[in-house]
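What follows is one structure encoded as structure tokens, with my remarks underneath.
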Amino acid sequence: MYDVAEIRQNFPILDREVHGKPLVYLDNAATSQKPRQVIQTLTDYYEKHNANIHRGAHRLAEEATAAYEEAREKVARFISAPDSDGLIFTRGTTESINLVAHAWGRKNLREGDEIVLTETEHHSNLVPWQLAVRDTGARLRFIPMLDDGTLDMEAARRLIGPKTKLVACTHASNVLATINPVEELARLAHENDALMLVDGAQSAPHMPVDVEKLGCDFFAASGHKMLGPTGAGFLWGRTEILEEMEPFLGGGEMIREVHLDHSTWNDLPYKFEAGTMNIEGAIGLGAAVDYLDELGMENVREHERRLGAYAHGRLSEIEGIVLYGPEKDRAGLVSFSLPDVHPHDLSQLLDEEGVAIRSGHHCCQPLMRRLGIAATARASFYLYNTEEEADALVAALVRAREFFGAFA
Amino acid sequence: MMRELYTQIIMDHYQRPRNRGEIDNPDIEEHLLNPLCGDEVTVYALFEGDKVSDVKFGGRGCAISQASASMMTERLMGKSREAAEKEIKGFKSMMTGETEFPEMDDLAALKGVIQYPSRIKCATLAWNAFQKGMDDGG
């Protein structure tokens, strides 16, 4: 296990104050803070190596290309991908899923085909599929959520069948903290000759990921939620499937040969990396992966499992609070609501005390509707958070409630 | 600082909303969603000739959106269409900082919201719904 006090020293922003109080940053599911090692990598890149990658026959271009391709290797190893040719840099999870929905979906979906999702998905794993079926005549089916926040796997077994072409599911829910049985869904998909896409936005930053063990065909995640800079994320896909897909964006770098009336495509992964990529973002993500590897993802998961359970327990002591999601086997975040203080007012009042949480629908409007609410408050933890910070959250909640109660 | 945002007047309207409810066969029934947060408001109004004879609101939201809706119903009751439109324009220009809040006005209780740009949409939600209802022929 690592020493939390020691690693907090690596995150300069954790030293700052907000409204005269120490920052308690509990909005990690939205984006994580960045360690000095990542920030320094970005500075080094611009101070020493900046050049456009590939094709350049000069020293800086070679250095930048090597750093970029090294980052690809690191990220591929991080998710235990069988090779790095299937590792495509994107802007993040949203772009990764759009890439598959567009480049795979429009080529392979026909009328009568079905895509199976769940009713707990983030908009980023729902709207791209709505667009794909609108253009192809395929249709969407949804695995329902049970009242305890887990998926109805019996329904999943009925829904995934011969018409299914792809199953797409979030690995860890950004609202419920449920860790979904994606291995089982991948097995059901493959039994029916369908593909499996895993939205790893909330799992890759927080737990060991092995795409071979998950048995998925696509895995999407965002770098900025796992200590990396914003604007850089990745899609991993099985190379034999990626080879058969149409390109996503057309332009420079993704081509082999261009004529005035047609073109041929570059090899993987470059076929899907059109134009100048977010070079420093990818290199920064490589540095973030180094940092996570050094801590050990088993340790990160254990720290967050313990801290999440502690926070869940402390919050459950607050009278009248509603906690969402399952009781056990949770990711390190907690969504909740108080009957007497609206989530927005709550986050505003907590901000006053330096405690940063998020409130709203968390880009999961269908799930909010399923829960019969418009919004929740959400505290999400990461590898640098402490039990003292969970205590600060609870104390601030109690004071926010007293403040509102005084007007009743 | 919180007392600048959550003033006594706002909290009073939030805890004891005026004109909360529905109107049967209304001339205006406009449902608006704040896409940022999922909060929603429905504004109902009845006209007698040119005058607002009844106005009510429903929905769910934060203290700012609910208090602002409650204050709006009091403000628009009895107003002509033209006067209502003027009130809405005036309120929105105060919320964007283009004009000052009159000091002796209850609405000045919402002045603190201007410092929190993400919350301005909460305050203007019901007012936008009423305007949209009138624009749509209500």
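Listed values, structure above:
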| read-out | value |
| --- | --- |
| When segment B:2-135 is reduced to its Cα atoms, the Kirkwood hydrodynamic radius in Å | 14.6 |
| Fluctuation leader among B:Ala83, B:Ala108, B:Ala45 - chain B, Gaussian network, Cα springs under 10 angstrom | B:Ala83 |
| Cα-projected label distance for A:Lys107 with A:Glu191, points at 7 Å along beta-carbon direction, nm | 2.9 |
| Pairwise label distance in nanometres, A:Glu154 with A:Tyr46, each label 7 Å out on the Cα-Cβ vector | 5.7 |
| For segment A:16-81 and segment B:23-101, distance of Cα centres in Å | 48 |
| Viscosity 1.567 mPa s, 4 °C: Kirkwood-radius Stokes-Einstein D of segment A:1-79 over Cα pairs, µm²/s | 84 |
| Overall Cα dimensions of the protein assembly as shown, principal axis frame, Å, largest first | 73, 56, 52 |
| Size-normalised alpha-carbon gyration radius of segment A:155-233, reference 2.2 N^0.38 Å | 1.14 |
| 3J(HN,Hα) from dihedral phi, segment A:335-351, Karplus parametrisation 6.51/-1.76/1.60, rounded to Hz, x for glycine, proline | 9, 7, 8, 10, x, 10, 10, 5, x, 5, 5, 4, 5, 5, 5, 5, 4 |
| GluC sites (Glu not before Pro), loop per DSSP, at most 15 other Cβ atoms within 10 Å - longest free stretch of chain A | A:112-316 |
| Entries in A:Lys163/A:Lys271; B:Lys79/B:Lys132; A:Lys213/A:Lys328; A:Lys163/A:Lys328; A:Lys213/A:Lys271; B:Lys56/B:Lys89 that, when Cα-Cα distance is taken, lie over 24 Å | A:Lys163/A:Lys271; A:Lys163/A:Lys328; A:Lys213/A:Lys271 |
| From phi via Karplus (6.51, -1.76, 1.60), per-residue ³J(HN,Hα) for segment A:293-300 in Hz, x at Gly/Pro | 4, 5, 5, x, 5, 4, 5, 4 |
| In Hz, Karplus ³J(HN,Hα) per residue of segment A:391-408 (6.51, -1.76, 1.60; θ = phi - 60°; x = Gly, Pro) | 5, 4, 4, 5, 5, 5, 5, 5, 5, 4, 5, 5, 4, 5, x, 5, 9, 5 |
| Qualifying trypsin sites (Lys or Arg not before Pro) for segment A:1-91 [loop in DSSP, other Cβ within 10 Å: at most 13] | A:Arg16, A:Arg55 |
| Fewest-first ranking of A:Trp104, A:Trp265, using other Cβ atoms within 10 Å as the exposure measure | A:Trp265, A:Trp104 |
| Lys, Arg +1 and Asp, Glu -1 on Cβ, resulting dipole of chain A about Cα centre, debye, nearest 20 | 780 |
| Pair A:Val18, B:Arg60: separation of 7 Å Cα→Cβ label points (nm) | 2.5 |
| Placed amide H near A:Thr164: partners under 5 Å, 5+ positions off or other chain | A:Glu114 |
| Gain on full stretching of the segment that runs from A:Arg77 to A:Asp293 - 0.36 nm per residue minus C-alpha separation | 76.8 nm |
| Gain upon complete extension [A:Thr276, A:Ile241; 0.36 nm per residue less C-alpha separation] | 10.2 nm |
| Theoretical ellipticity at 222 nm over chain A - DSSP helices of four or more residues, -39500 (n - 2.57) apiece, nearest 500 | -11000 deg cm²/dmol |
| Residue of A:Leu367, A:Leu23, A:Leu383 that the Gaussian network model of chain A assigns the largest fluctuation, springs spanning Cα pairs under 10 Å | A:Leu23 |
| Förster radius 30 Å - calculated FRET efficiency between A:Tyr310 and A:Arg399 (Cβ-Cβ, nearest 0.05) | 0.90 |
| Max mean-square fluctuation residue, GNM over chain A, Cα-Cα springs under 10 Å, options A:His171, A:His262, A:His102 | A:His262 |
| Segment A:Lys328-A:Glu212, extension gain: residue separation times 0.36 nm, minus the distance between their alpha carbons | 39.2 nm |
| Angle in degrees between helix B:120-135 and the longest Cα principal axis of chain B, rounded to the nearest 10 | 10 |
| On Cα atoms only, tilt of A:127-136 relative to the major axis of chain A in degrees | 40 |
| Qualifying trypsin sites (Lys or Arg not before Pro) for segment A:306-351 [loop in DSSP, other Cβ within 10 Å: at most 15] | A:Lys328 |
| Whole-Å distance, taken between Cα centres, linking segment A:88-108 and segment A:264-327 | 20 |
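Read-outs throughout are calculated quantities, based only on the coordinates presented, and are distinct from any laboratory measurement. It should be emphasised that the depicted structure is a prediction, and the values quoted were computed from it without experimental measurement. Heads up, the Cβs are rebuilt from the backbone with ideal geometry, glycines too, and the neighbour counts pull from every protein chain shown.
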